[in-house]
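Notes to accompany the following structure.
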Amino acid sequence: MKLLKSSWKSLAWTGIYIILILSLLTNLSLITALLLIVPVIVLFNILDTKGFMIHVIPVWIVAFLIHPIYLLMALYFAVPAIFMGRCYKRRATALRTIVVGAATILVEMLLLLFIGTVLFQFDLSQYMQDIVNITMKPLQDMVASNGLSTDLLPSTEDMSLLVDMTIQRIPYALIVSSFLMAIISHVIVRPILSGMGYSVPKLIPAREWRFPRSLIWYYLIGVVIDMIAYNSDSGYLNMISANLVPILNVFFAIQAIGFFFYLAYIRKWHSIIPFLIAIPVLLFPPMAIIGILDIAFPLRQLMTKPKR
C-alpha cells in the first residue's frame, strides 16, 4: 500500500512537471519557468536514481517534441534542482542548500553568456542597446505624434550611459537573481517534502540572521573603490564599483530585517509587524544602514540589557 501511494505521488509530480513544461507555451512562461526546479527536486528525493530517470526522461522527450528550446530550458533548471536535491538527501543545512543551488544557477548563467559570446557572436552591449531602443520607442512616438519638444527625450549620450550602467550591473543582477531563484525553490519545496514525511532542515529564524563584522570592512573597501572609480576610465574598476557596494547592501538589508524580527520577538510584537517593516527595508535601500549599525555595534545586546 505504501509502495502504491509512493508511486501515485511520483506520477502526480511527473504530471505537474509536464504541465509546467506545456505552460511555457502560454503567457505565464516567465513564472512557470522559475517553478521548473520544484518538481525535479521532489522527484529526485522521493525516487532512487533509476526511478528518477524513468520519470523525467519522458518529460524531456515531450519538451523536445514541443520545441528543442523547451528541452534546453528543462535541462537548464534540472541541473540546479539535482544539486539541491542531493543536499536535501544528505540533510545539508538550508543555507548550504540555497548557496549550492544559487551557485549552480549562477555558473549556468555565466556559461550560457560565454557560449553565446564565443560561439554565436552574441553582443551583450548591442543587445542592451536594442532593449533600450525598444523601451524608448513608444515614448518617442508619443512625443512625435503630439508635436512635443524632443528635449523631453533622453539624449543619445544619456541612452549610451544607461546602457553602460546596465551592463556594469549585470554581475549584481545575476547574483541576486540566482539567490532569489534558489530561495523561492527552497521555500516551496521544503513544506512539500516535509508533508511527505521527509526531514528537511529549515532556515534559522529570521531573528537570528546575523552576518560577520568583517562585512563592514568590505563595505569601506567598496566605498573607497567607488571614490577611486568615479573619475577612472578603468572598465574593471567601474564594474567592481557598480556591483560590490550594491551586493553588500543586500546583506545589510537582510541584517536589518533580522534586527526587526529580533526586536519584535523581544518586545512581543504581533508577528505581522516585522513582515510589514521588511517591505520598506527592501524597497528603500537607505534603510540598510540599520543593518550596518546592527553589525558594527551591539544593538541587539542593548535591546536586552536590563534597565537600572
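The values are calculated or read from the model by the stated rules, or taken from the named source; none is laboratory data. Please read all numbers here as calculations on a predicted model, not as lab measurements. Note that we place each Cβ from the backbone using ideal geometry, even for glycine, and neighbour counts take in every protein chain shown. We work out accessible area using only protein heavy atoms, side chains counted, and drop any ligands, DNA or RNA first. Shrake-Rupley method; radii C 1.70, N 1.55, O 1.52, S 1.80 Å.
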query: Taking the stretch 253-308 as the region of interest, how many residues are part of a loop (DSSP other than H, G, I, E, B) and closer than 21 Å to V176 by Cα?
result: 1
Selection status of P80, exposed (fewer than 15 other Cβ atoms within 10 Å of the Cβ) and part of a helix (DSSP H, G or I): no
message: If I filter the stretch 255-264 for residues that are of a type in the set (A, V, I, L, M) and either closer than 30 Å to I46 by Cα or at pLDDT below 85 (or both), do I get at least one hit?
response: no
query: Taking into account only those residues within the stretch 206-224 that are over 16 Å from I289 (Cβ atoms) and out of contact with any Phe, Trp or Tyr (no Cβ under 7 Å at 6 or more places or on another chain), which is most open to solvent (accessible area, probe 1.4 Å)?
result: W217
- prompt: Given the structure, is V40 modelled with pLDDT under 90 and hydrophobic (A, V, I, L, M, F, W, C)?
  reply: no
message: Give all pairs with beta carbons closer than 8 Å in which a residue from the stretch 36-62 that is without any contact (Cβ under 8 Å) to a residue 12 or more places away in the chain meets a residue that is aromatic (F, W, Y) and assigned to a helix (DSSP H, G or I); count only pairs at least 6 apart in sequence or on separate chains.
response: F52/F44
task: Report the residue count in the stretch 185-203 for those that are closer than 12 Å to A94 by Cα, touching a residue at least 24 places away in the same chain (Cβ under 8 Å) and open to solvent by 50 Å² or more (accessible area, probe 1.4 Å).
output: 4
- prompt: Got a sec? Which helices (runs of 4 or more DSSP H) wholly within the stretch 1-61 have at least 1 residues that are surrounded by fewer than 19 Cβ atoms within 10 Å (Cβ to Cβ)?
  reply: 2-22, 29-35
message: Going through L106, L71, L75 one at a time, which residue ends up being part of a helix (DSSP H, G or I) and surrounded by fewer than 18 Cβ atoms within 10 Å (Cβ to Cβ)?
response: L75
message: Residue under question is I228, and the condition is that it be open to solvent by less than 70 Å² (accessible area, probe 1.4 Å), of a type in the set (A, V, I, L, M) and farther than 21 Å from T97 by Cβ; does it hold?
response: no
message: Of everything in the stretch 169-180, what is assigned to a helix (DSSP H, G or I) and open to solvent by 30 Å² or more (accessible area, probe 1.4 Å)? Give them in sequence order.
response: I170, P171, Y172, A173, L174, I175, V176, S177, F179, L180
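Residue-wise test of (1) loosely packed, with under 12 Cβ neighbours inside 10 Å; (2) closer than 30 Å to W60 by Cα; (3) at pLDDT 90 or above.
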position	(1), (2), (3)
R91	yes, yes, no
I98	no, yes, yes
A102	no, yes, yes
I131	no, no, no
S149	yes, no, no
